[in-house]
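Participant: This is the structure I have questions about; it appears just below.
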Amino acid sequence: MIPIGSGASGTVYRAELDGRTVAIKERTAPEPNGTWAEAASLIWLGRAAPEVFEWDEDRIVMQYIEPGEPSERAAEELGRALAEIHAQGAPKYGSPPENGPRDAWIGPVPMRNEECDSWAEFHSRLRVEPYVRMAVDRGYLTNEEARVFDREWDVPDEPPSRVHGDLWSGNVHWGRERAWLIDPAAHGGHRESDLAMLELFGCPHLERVRGAYLEVAPFADGWRDRVALHQVFPLLVHTAAFGRSYAGRALAAARS
Ligand SMILES: Nc1ncnc2c1ncn2[C@@H]1O[C@H](COP(=O)(O)OP(=O)(O)OP(=O)(O)O)[C@@H](O)[C@H]1O
């Protein structure tokens, strides 16, 4: 087994298994349901993600994707693929991936999926409040700062989408021919959130990805003004997980 990547939760290896080259993601972090949630998410995302061959509580064996360079063509294809995944939908806002657990992970912190009737309820109860509490408990936000996150979260009404859920640029794996989605935390969510997160830390050819996406699946008017609002969740997760250095950006996004 040859190590090809490592992150907070474990190590990814390239290996030969039953005559084919596979990627094996071994989870070393003590995260109950971690591989279950990730395997179910990968399967739910379909052909945009590597195929899952098998998984147990310690590891996922999946299709190995030979790395390549980002290209404009692959970026546009990624935009269209994202639109296609989103359109597959989800039963409700907050639904876990099909056959997946309610209790999952986002980076090194827990993330719960529970069905809600609106995005506003889902966002506030499951994607904002738990991380504000965690950040306050850990001393990364003051009580006064925490109150900034106690607000209405309004977005134009639309049915829940099937979202990747942790779509920072590191979770776009550029292969030889196309881009692949890896390391998802999928659930029923708002499709603008995936694109807003991709924008958060920059992504190669972002304009191409977004342009191709919007051509086939336009957002409701005013989406640019909602980017910051959708970035509150990942910024809060960063604050809760990694510390106060992210608090300023999280607060600014929440005030937007
Ligand atoms: N199916 C795959 N085929 C080829 N390489 C892969 C595959 N899956 C993951 N990798 C490589 O391993 C790296 C880490 O993968 P992944 O993001 O899933 O791990 P992680 O531990 O969750 O990392 P992080 O903490 O950064 O989220 C990727 O950036 C990629 O280079």
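Participant: Scan Leu229, Leu200, Leu236 and give me the residue that is within 20 Å of Pro110 (Cβ to Cβ), more than 11 Å from the chain's Cα centre (by Cα) and crowded, with 18+ Cβ neighbours inside 10 Å.
Facilitator: Criteria check complete, one pass: Leu236.
Participant: Can I ask one more? Scan region 88-100 and give yes if some residue there is more than 29 Å from Glu158 (Cβ to Cβ) and away from the ligand (no atom under 16 Å from the Cβ), otherwise no.
Facilitator: no
Participant: Here are the criteria: (1) in contact (Cβ under 8 Å) with a residue 60 or more places away in the chain; (2) surrounded by 15 or more Cβ atoms within 10 Å (Cβ to Cβ); (3) over 19 Å from the mean Cα position of the chain (by Cα). Tell me which single one Arg255 does not satisfy.
Facilitator: (2)
Participant: Then there's this: Quick one: which strands (runs of 3 or more DSSP E) sit completely within region 1-58 and have at least 3 residues that are among the charged types (D, E, K, R) and away from the ligand (no atom under 12 Å from the Cβ)?
Facilitator: Correct list: empty, since no element meets the threshold.
Participant: Pick from region 144-197 the residues that are part of a helix (DSSP H, G or I) and within 16 Å of the ligand (Cβ to nearest atom): which of them is surrounded by the fewest Cβ atoms within 10 Å (Cβ to Cβ)?
Facilitator: So, considering only residues that are part of a helix (DSSP H, G or I) and within 16 Å of the ligand (Cβ to nearest atom), the one surrounded by the fewest Cβ atoms within 10 Å (Cβ to Cβ) is Gly170.
Where a number appears in this text, it was derived from the coordinates with a stated rule and is not lab data. Only a predicted model underlies this, so the values are computations on that prediction, with no experimental measurement involved. Virtual Cβ from ideal backbone geometry, glycine too; neighbours counted across all protein chains shown.
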